[in-house]
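Only one structure is covered here, and it is reproduced in the block below.
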């Protein structure tokens, strides 16, 4: 007890002593201010592995916020659950002159549930704190400690985690016993690790960085690991919730997952096995047989998250899902594999980083558990590998969408883990094709029908709204098609083809009073009434990163307007045609008798392009914006 009191006293003393450090904003080196919204004045991160099931994560961080864009960079977020226990949190807020304005402690933090609304079993929580400062600049100093009862997930280091953040000094120290071995991956670091032994004969690994300038925000920038510094760490041996293991590569990790988390969890009831065999007995094509089983799984289960203890990594048994009719991504993939196994179809349990906005792949030469957040299904048919997400009750078999497409994943097999790559949907696959036939009357009113088809990653663009009531569907689409003034949707219908090449079709019958403006004998309206581009990206001087386009797409629009008899186009017809390595755009307006036809095609190709391409990207999308704003002026012919 005496030792504990001494340790607590030292902690309080040290924090008080640090409070005397001078965090006057004027002391920041002027070279760190360009593009910076916040500056990390001092960061000291340490991870001390005391045993295979006992690690202490300690961080002291001082951040000066220069403007409102840096507020979130000073936010303190500490994740915790029964395996990650917060031991202490303290901090001080300073004004621009480095004078203390107030202290805060754990009691000032908000503690919120970190799981999903549809979670059934989940103990993940987050404590967070953001000073309510409106006078800039200000400085936040915080120090906290978390005890980890596992070593599978070792916190890494990101001294500058986002654009707009400069760093005066930051360090990361990993300490462990001589018999505990780690692997590490250094990314975009100016200098490497310093290894050594401390006075307790413990191994130490230290990284540090000083005077790191802020990276300016650049639209269409690559993933952070392409330009921001970071270190990833993984253990060779570990313990998680009482289960021990070891790995040095993806094959080992996949083998551990299979042997320790999946084996003996694939039995279903005899009744279910017999039903599945009967369900598929007349289907000879293995892929169609798998599709039938997948749809059977969808029809009798629903998604519920389970994230307690080893449940964060180990699925419910197939028998439990069969009995309870629910499970999380892990459990539903495991259950589907069990059903497929019943009819002799091999499948893989695959670990993936799911993110609809960024395609993030597992690092091929560095295996670690923290690179993934989701499980999907792979069915390796001969010459036709098929992927599916088992958490959705509506997505078709063989469809991933942009949540997990085009990235490297880990397939866990009895022989071990193997890296595979999910389906890539290119621009031609990701098509939104719209055709409309409208009538404009002399009062400016609009009426007609419009049909839109969605394919590839665009297929599930209407997925959320399809399950809503007709009233909510119309409300959503009225907002989506807000460029049609005074829109009223008279009739609406959705159809979905859930074949191997799925298609969503949207049919709308509509009208809109005063859609066009009428001024005497003139009628003005924008022919692109359904797909105007929001805006061009900002221009960036001296760009430093390559141009990265995450998703390709192909948007096609054709609208035929029947105009009042006796009217003609009183302006130059629209005609735009642009071709670039990263995309194509064309738009045209033509008039033939009483019909004005508007055609538009926007194609953007995913990929990485040289940084000097960026001005062309800006000009390209500005041309799209300009063409989309074209106004057709109709006048009565003499």
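Averaging over all projection directions, find the projected area of the Cα convex hull of region 248-421 and quote it in nm² with one decimal place.
Details: hull surface 38.5 nm².
Convex hull of Cα atoms, orientation-averaged projection: 9.6 nm².
Note the full-extension length gain between residue 27 and residue 193 as 0.36 nm times their separation in residues minus their Cα-Cα distance, in nm to one decimal. Walk me through the intermediate numbers first.
Values: separation 166, 0.36 × 166 = 59.76 nm, distance 2.86 nm.
Extending this stretch completely gives an extra 56.9 nm.
Using a Förster distance of 35 angstrom, determine the FRET efficiency expected from the C-beta separation of residue 346 and residue 550, and round it to 0.05. Don't jump to the answer; show the numbers that get you there.
Details: r = 32 Å, r/R0 = 0.91.
My answer for the efficiency is 0.65.
So, in nm, how far is label residue 370 from label residue 111 when the simple model puts each one 7 Å beyond its Cα toward the Cβ?
Computed distance between label sites residue 370 and residue 111 equals 2.4 nm.
Averaging over all projection directions, find the projected area of the Cα convex hull of the chain and quote it in nm² with one decimal place. If you can, show how the numbers build up before the last one.
Working: hull surface 139.6 nm².
The orientation-averaged projected area of the Cα hull of the chain comes to 34.9 nm².
In nm, give the distance between the simple-model label positions of residue 50 and residue 517, each being 7 Å from the Cα along the Cα-to-Cβ direction.
Placing both labels 7 Å beyond Cα along the Cβ direction yields 7.3 nm.
Return 407, 539 ranked ascending by Cβ neighbour count within 10 Å, so the fewest neighbours appear first.
Numbers: 407 20, 539 12.
If I rank by nearby Cβ atoms, fewest first, I get 539, 407.
For region 311-413, what is the convex hull volume of its Cα atoms per residue in Å³?
Working: hull volume 11.8 nm³, N = 103.
Output value, Cα hull per residue: 114 Å³.
Which of 247, 403 comes first, and how do the rest follow, when ranked by fewest Cβ neighbours within 10 Å? Kindly include the intermediate steps, with their values, before the conclusion.
Working: 247 24, 403 19.
The order, fewest Cβ neighbours first, is 403, 247.
Classify region 588-635 from the C-alpha gyration tensor, please: rounded if a/c falls under 1.5, else prolate or oblate depending on whether a/b exceeds b/c.
Working: a/c = 5.68, a/b = 2.61, b/c = 2.18.
Since a/c reaches 1.5 and a/b is larger than b/c, the shape of region 588-635 is classed as prolate.
For the chain, find the longest principal axis of its Cα atoms and tell me its angle to the long axis of helix 2-18, 0 to 90°, nearest 10.
Compared with the principal axis, the helix lies near 50 degrees.
Once Rh for region 2-243 is found with the Kirkwood sum over Cα pairs, what is the Stokes-Einstein diffusion coefficient at 4 °C and 1.567 mPa s, in µm²/s? If you can, show how the numbers build up before the last one.
Numbers: Rh = 19.3 Å.
Rounded, D is 67 µm²/s.
May I ask you to list the residues of region 27-44 whose amide nitrogen lies under 16 Å from a point 7 Å from Cα along the Cα→beta-carbon direction of residue 162?
Within reach of a label on residue 162: 35-40.
Taking neighbour counts of Cβ atoms within 10 Å as a proxy for exposure, in what order, fewest first, do 421, 479 appear? Working shown, then result.
Values: 421 13, 479 9.
If I rank by nearby Cβ atoms, fewest first, I get 479, 421.
Once a ≥ b ≥ c are taken as the square roots of the eigenvalues of the Cα gyration tensor of region 470-585, is the result rounded (a/c under 1.5), prolate (a/b larger than b/c) or oblate (a/b not larger than b/c)?
Note, shape of region 470-585 comes out oblate.
What is the distance in Å between the Cα centres of region 262-302 and region 369-423?
With region 262-302 and region 369-423 each reduced to a Cα centre, they are spaced 18 Å.
Show me the three semi-axes of the equivalent ellipsoid for region 77-209, from the C-alpha gyration tensor (sqrt of 5 times each eigenvalue), largest first, rounded to whole Å. Don't skip to the end; give the middle numbers.
Numbers: eigenvalues 162, 115, 48 Å².
In descending order, the three semi-axes are 28, 24, 15 Å.
Based on the alpha carbons, how large is the Rg to Rh ratio for region 266-339 when Rh follows Kirkwood? Don't skip to the end; give the middle numbers.
Numbers: Rg = 12.7 Å, Rh = 12.6 Å.
Here the Rg-to-Rh quotient is 1.01.
Counting only DSSP beta bridges with both residues in the chain, tell me the antiparallel percent, nearest 5. Write down the numbers at each step before the final one.
Details: 159 of 183 bridges.
Close to 85 percent.
To the nearest 10 degrees, how steeply does helix 470-480 sit against the main Cα axis of the chain, on a 0 to 90 scale?
Between the helix axis and the principal axis of the chain, the angle is about 90 degrees.
With every atom except the alpha carbons ignored, what do you get for Rg and Dmax of region 451-537, in angstroms?
Both quantities, over Cα of region 451-537: 15.4, 54 Å.
Taking the Cα atoms only, what angle lies between the long axis of helix 614-628 and the longest principal axis of the chain, rounded to 10 degrees?
Tilt relative to the chain: about 40 degrees.
Per DSSP helix of 4 or more residues, -39500 (n - 2.57); summed, then divided by the residues of the chain. What does that give at 222 nm, rounded to the nearest 500? Don't skip to the answer; put the middle values down first.
Numbers: 9 runs with 101 residues, N = 638.
Calculated at 222 nm, the ellipticity per residue is -5000 deg cm²/dmol.
So how long is each side of region 431-636 along the principal axes, counting just the alpha-carbon atoms, biggest first, in Å?
54, 43, 25 Å, listed from the longest principal axis down.
State whether region 189-248 is rounded, prolate or oblate according to the following rule on the C-alpha gyration tensor (a ≥ b ≥ c being the square roots of its eigenvalues): a/c under 1.5 gives rounded; otherwise a/b larger than b/c gives prolate, and the remaining case gives oblate. Provide the component values of the computation, followed by the final result.
Details: a/c = 3.70, a/b = 1.51, b/c = 2.45.
Oblate, because a/c is 1.5 or more while a/b does not exceed b/c.
Values in this text are rule-based calculations from the coordinates and carry no lab data. Computed from a predicted model, the values in this text were never measured in an experiment. Neighbour counts run over all protein chains shown; Cβ positions are idealised from the backbone, glycine included.
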